[in-house]
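See structure below.
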Amino acid sequence: MFLSTLTPKFYVALTGTSSLISGLILIFEWWYFRKYGTSFIEQVSLNHISPWIGGGDNGGEANNVAANASATATNQQAVPECKVWRNPLNLFRGAEYQRFYWATNKEPLTYYDMNLSAQDHQTFFTCEGDCGKAEYEIMQTAWRERNPVARIKAAHDALEKNPDCAPAYILLAEEEAITILDVEKILKQALRAAEMNYRKSQQMQHQGSVMEALHRRDTNVLIYIKRRLAMCARKLGKLKEAVKMFRDLTKEVPPIMNVLNIHENLIEALLEMQAYADVQAVLAKYDDISLPKSATICYTAALLKARVVADKFSPDIASKRGLTTAEMTAVEAIHRAVEFNPHVPKYLLEMKPLILPPEHVLKRGDSEAIAYAFFHLPHWKQVEGALNLLHCTWEGTFRMLPYPLERGHLFYPYPTCTECADRELLPVFHEVSVYPKKELPFFILFTAGLCSFTALLALLTHQYPEPMGVIAKAMLSWVSLPFHYLLDKLEAVLPSNLLQQLSRI
């Protein structure tokens with residue numbers, strides 16, 4: 001009696017409520033998938049429901065934990081760590097980043113990126129021998145200061161106490177100077193102070209560990225200043241002077257050279273001079289299997305090989321006669337570069353907008369792609385046909401890579417942690433490039449369609465009950481038509497007593 005008294009409105013309300021609940025679950029699932037890259041339902045099913053249903057003793061659980069730990073350790077050994085590197089061509093904060101902020105009112109650097117720079121400066125420009133020296137103690141505090149005005153004031157205070165405090169000049173050149181000419185002027189003052197401090201500490205470096213650390217710090221300061229002066233010369237168009245300074249710096253052997261990667265500055269300056277033979281000589285030295293790769297190394301090698309054939313390359317002709325040996329070499333170099341960093345081509349082909357590069361980059365990540373394209377896009381445009389060759393061939397790389405990306409083709413498998421690190425390094429107004437694209441699980445799409453269909457059905461039934469009833473009856477009769485046809489055939493063939501027995505069953 002209860003069921004017979006229910007009205008169609010009850011079923012409409014029931015269907016609508018189920019659709020609403022399904023929609024809320026879908027919204028949560030979508031948010032969880034976008035944030036963590038996996039399905040919440042799958043995670044709960046695999047980690048909690050399946051073990052509970054399957055049961056198992058403690059020994060089996062312990063074995064599973066040990067197996068998972070072993071697999072995790074193996075994966076950690078196989079997949080390289082996402083290490084953040086200092087950008088070799090980083091801009092000046094006052095003369096470049098600050099001017100961008102004045103023009104757009106957008107912060108070009110993240111706090112995470114600037115904090116990494118502060119840590120680098122503390123490592124390079126401070127040492128245990130600074131205790132008791134007021135000017136260097138002030139600078140130790142200045143590098144950690146978050147407010148740029150306070151940092152600049154601290155640098156001036158340090159210079160008042162000691163006019164030969166080279167780290168104070170570095171801070172003023174980086175953050176207070178608003179033109180490259182002003183930067184160069186301050187850095188030349190810093191160079192004179194740094195050379196004098198270097199000569200003093202060089203004579204006493206063997207008098208104990210403290211003096212050795214002091215000399216190492218003075219060496220770092222001197223090399224850093226020379227590198228920034230060379231970058232000023234490059235920005236001011238004094239290319240020969242910049243190349244000479246970069247070449248001299250690449251001959252140095254202190255540990256700081258492994259961090260600065262000055263050979264990438266040299267490659268960029270030589271490309272601006274169109275000295276391609278010299279660029280090839282630099283690549284022969286640094287594009288070695290035992291050395292860490294970078295987008296600059298891989299894409300510059302591809303550019304030099306593309307330069308040989310790009311001006312005469314035609315995709316229509318190549319598809320008919322096939323690729324020549326030189327064209328095949330150029331295409332393979334492009335594929336190698338794209339496998340190393342798949343984010344770069346969209347910036348070189350201007351399919352994505354460029355922003356100012358960060359002070360630190362993640363190799364193979366979007367931040368490195370921005371830093372490379374920001375400085376090297378003009379060099380690709382200088383080579384006639386290079387961008388056309390890149391446009392025609394770069395997407396072919398992904399057909400060569402194994403899927404899923406559990407192993408690489410020419411390099412290690414693409415790391416999975418690049419997106420999170422790039423979001424920390426790049427400003428919020430930039431849309432971070434993600435590779436590989438996260439595929440939406442099928443059951444989310446299916447459930448979304450089912451939820452939408454039931455919601456629409458409930459709405460139509462509520463608004464138009466009589467037409468929907470007619471449609472429902474028509475659909476039921478259409479679905480049941482084959483069964484009626486089969487029953488009619490059976491009645492004609494089978495005897496009546498057998499049909500009665502079948503109906504009882």
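The values are calculated or read from the model by the stated rules, or taken from the named source; none is laboratory data. What you see is a predicted model, and the numbers here were worked out from it, not measured in a lab. Protein only, heavy atoms only, side chains kept; ligands, DNA and RNA dropped before computing areas. Shrake-Rupley method; radii C 1.70, N 1.55, O 1.52, S 1.80 Å.
Taking all protein chains together, Asp157, Asp488, Asp130 sort by accessible area into Asp488, Asp157, Asp130, largest first [probe 1.4 Å]. What pairs from Lys133/Lys251; Lys235/Lys381; Lys305/Lys346; Lys285/Lys305; Lys200/Lys240; Lys133/Lys200 go past 24 Å between their alpha carbons? Where the Cα-Cα span goes over 24 Å, the pairs concerned are Lys133/Lys251; Lys200/Lys240.
Sorting Lys161, Lys133, Lys320, Lys106 on solvent-accessible area from highest to lowest, probe radius 1.4 Å, gives Lys320, Lys161, Lys106, Lys133.
From Cα pairs below 8 angstrom and at least 6 apart in sequence, can you work out the relative contact order of the range 232-310, rounded to a whole percent?
Across the range 232-310, relative contact order equals 22 percent.
Residue by residue, the range 358-364 carries 3J(HN,Hα) couplings of x, 7, 10, 10, 10, 4, 6 Hz when phi is fed to the Karplus relation 6.51 cos²θ - 1.76 cosθ + 1.60 (θ = phi - 60°); x denotes Gly or Pro. For the range 85-285, the per residue solvent-accessible surface stands at 47 Å², with DNA, RNA and ligands left out and a 1.4 Å probe.
Amide H contacts of His360: Asn87, each under 5 Å away and 5 or more positions distant or on a separate chain (H built 1.01 Å from N in the peptide plane; Pro and chain starts excluded).
With the whole protein complex present, Ile21 retains an accessible surface near 90 Å², based on a 1.4 Å probe. Relative contact order of the range 85-285, taken over Cα pairs closer than 8 Å and 6 or more residues apart, is 20 percent.
Remind me, relative contact order of the range 82-150 in percent, using alpha carbon pairs under 8 angstrom and six or more residues apart? Please report the intermediate quantities before stating the final value.
Working: 21 pairs, mean separation 14.1, N = 69.
Relative CO of the range 82-150 lands at 20 percent.
Roughly speaking, what is the centre-to-centre gap between the range 257-320 and the range 201-246 when only Cα atoms are used, to the nearest Å? The two parts, judged by their Cα centres, are 27 Å apart. Accessible-area rank, largest first, for Arg364, Arg227: Arg364, Arg227, with all protein chains present and a 1.4 angstrom probe. Element breakdown for the range 111-251 at a 1.4 angstrom probe: carbon and sulfur atoms account for 52% of the accessible area. Can you classify the range 85-285 as rounded, prolate or oblate using the Cα gyration tensor, where a ≥ b ≥ c are the square roots of its eigenvalues, rounded means a/c under 1.5, and otherwise it's prolate if a/b beats b/c and oblate if not? Judged from the Cα gyration tensor, the range 85-285 comes out oblate (a/c at least 1.5, b/c at or above a/b).
Using a probe of 1.4 Å, the accessible surface attributed to Met475 totals some 120 Å² when neighbouring protein chains are kept in position.
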